[in-house]
1. Take residues that are under 20 Å from B:THR40 (Cα atoms), within 9 Å of another protein chain (Cβ to nearest Cβ) and among the small types (Gly, Ala, Ser) and tell me which of the strands (runs of 3 or more DSSP E) falling wholly in the stretch A:29-106 contain 1 or more.
2. Determine which single condition B:ASN164 fails, assuming it passes every other condition in (1) crowded, with 22+ Cβ neighbours inside 10 Å; (2) within 20 Å of B:VAL44 (Cβ to Cβ); (3) within 13 Å of chain A (Cβ to nearest Cβ); (4) of a type in the set (S, T, N, Q).
3. When residues of the stretch B:182-220 are filtered for being hydroxyl-bearing (Ser, Thr, Tyr) and either over 22 Å from the mean Cα position of the chain (by Cα) or not assigned by TED's automatic domain parsing to the domain that holds B:ARG158 (or both), how many remain?
4. What are the residues in the stretch B:140-162 that are of a type outside the set (A, V, I, L, M, F, W, C) and assigned to a loop (DSSP other than H, G, I, E, B), if any?
5. Scan the stretch A:1-28 for residues that are touching a strand residue (DSSP E or B) at 6+ places or on another chain (Cβ under 8 Å), closer than 28 Å to A:GLN111 by Cβ and assigned to a loop (DSSP other than H, G, I, E, B) and jot them down.
6. Anything in the stretch A:113-157 that is small (Gly, Ala, Ser), closer than 17 Å to A:THR72 by Cα and free of Cβ contacts under 8 Å to residues at least 60 places away in the same chain? List them, or say none.
7. Mind checking which helices (runs of 4 or more DSSP H) fall wholly inside the stretch B:30-139 and carry at least 1 residues that are within 11 Å of chain A (Cβ to nearest Cβ) and surrounded by 20 or more Cβ atoms within 10 Å (Cβ to Cβ)?
8. In the stretch A:119-157, how many are in contact with a strand residue (DSSP E or B) (Cβ under 8 Å, 6 or more places away or on another chain) and not acidic (Asp, Glu)?
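The values are calculated or read from the model by the stated rules, or taken from the named source; none is laboratory data. Since the structure is predicted, the reported quantities are computational estimates derived from the model, not experimental observations. Glycine gets a Cβ as well: all are built from the backbone with ideal geometry, and neighbour counts include every protein chain shown.
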Amino acid sequence: MSLGTAAYLGRYQVGLSHTFNQKHEVGFTLGWTPDDLVGEVRQYSIEYGYTPWTLQSEAWLLQPMTIGFGATATDHKEFFFKSSGKYDDEAYYDATLRRYLVRYAISVGRQLPNEQSIWLRFHLSILDQGLQVLFNNGWQPALLDYMSPGLSLFYRF
Amino acid sequence: MGLDKKGMMKFGRMITIWVLAALFFLLSGCGVDTPFGSQTKTSVENHNHETIQELVAQGAGKTGLIRIGLLADSHQNYKGLEEAIDRLNTQNLDFVIHLGDFTNIGLNVEFDAFVRTMGQLRHPYVVLIGNHDAIGAGIPMYRKIFGEFNTSFSYAGRKIVLYNSNSLEFQKVEGFDPQWAAQELASATEPTYLFQHVNYDNKTHFTDAESADFEAMMLAAPDLRFALNGHLHAGTQRNLGSIRLATIPRSEGGQYAILELDPAKDSLSFCEGSRCQEVSVGPGSGF
């Protein structure tokens, strides 16, 4: 179970995830962002992460690298899956209500009794559009412009 | 896996680096929380209004040749936009107008990337809203960052009209106002230059009757010299009576255009890199 912020998943997030063999992790996150101009934005995200190493020193834990990908979507009425049919071609615009992410994370944890642990995780998410820009025209600053850092606190049962 | 003393030190260093990196990224505000909102990294607000105020003051005592750089439909072709900006920076220009579609789907991160890229331009610039910039949260973001959708100003004895022609994207929001354009053109007392994103005769955006009305309004304007648009990506030009109509090419591949307003003759050149070719010759600015 996690609480988090930013990294393109919303300003305030609550999530549930399951870890297999300490290496594979799948999760679902609900995000919420208050917005002065367009009203509140709700977000629904799914993620997969792969963590090759978990280092331990006494009760301290470190996962230096988690890499993964995810998808996030909103139900905000200003964003759409298909453009609203005002154009001759219904698919004139790409869908605006869903985005895909590539993520990197580094996590520090503390082992608790009964195999439970508490973790602080720092994420960097790169939006699909940033990768598209990078691959389409090799424009390196896309990596900075389309990147969002985030932080989450999670508890492993 | 367990760690020995050496491993512990390495572990401690990693934690320190991680904490410093986390603080750096979080404090530097280098990202937005969600791609679906209007939150942006840029602190720029009301850019067009501020720039136009400076231009009006700068143009008050100026006469003679005016050179305007034109960009359009850069979308996510930032490399092409940078190439065009590099060339424009080598030119002697009064200001630059971007004719809209500086994003693909109006995302906040696209607004940020565009503003950051345009920051490399050494000339003052104003930006029209394009149809791609007006979806999602694009309309309120444009209003916050750039300002009014329709505006005009006088520069060195010429009237510059920046008109929002995105009829389809402004059906629920105020900002598409052909009557405003009609008044601006009809009341002009100076040679007038109209800039819009969507061409007035676009079959998707306008009915034949709407296009005909707009055309009649342009022809009735006292001294409309040029009507320029983006949206179609390929550079074209034709005449409507004595009015020159032109589509500015998209900035992919470093394309841009130069509009020269000269008392003897007006001219428009389409450029790619250092190569420019004049594509139309208008009447003299005549003052």
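1. A:60-74
2. Only one criterion in (1) crowded, with 22+ Cβ neighbours inside 10 Å; (2) within 20 Å of B:VAL44 (Cβ to Cβ); (3) within 13 Å of chain A (Cβ to nearest Cβ); (4) of a type in the set (S, T, N, Q) is unmet by B:ASN164, namely (3).
3. 4
4. B:GLY147, B:GLU148, B:ASN150, B:GLY157
5. Within the stretch A:1-28, A:MET1, A:ALA7, A:LEU9, A:LYS23 qualify.
6. Across the stretch A:113-157, the qualifying residue is only A:GLY130.
7. B:78-89, B:108-118
8. 24
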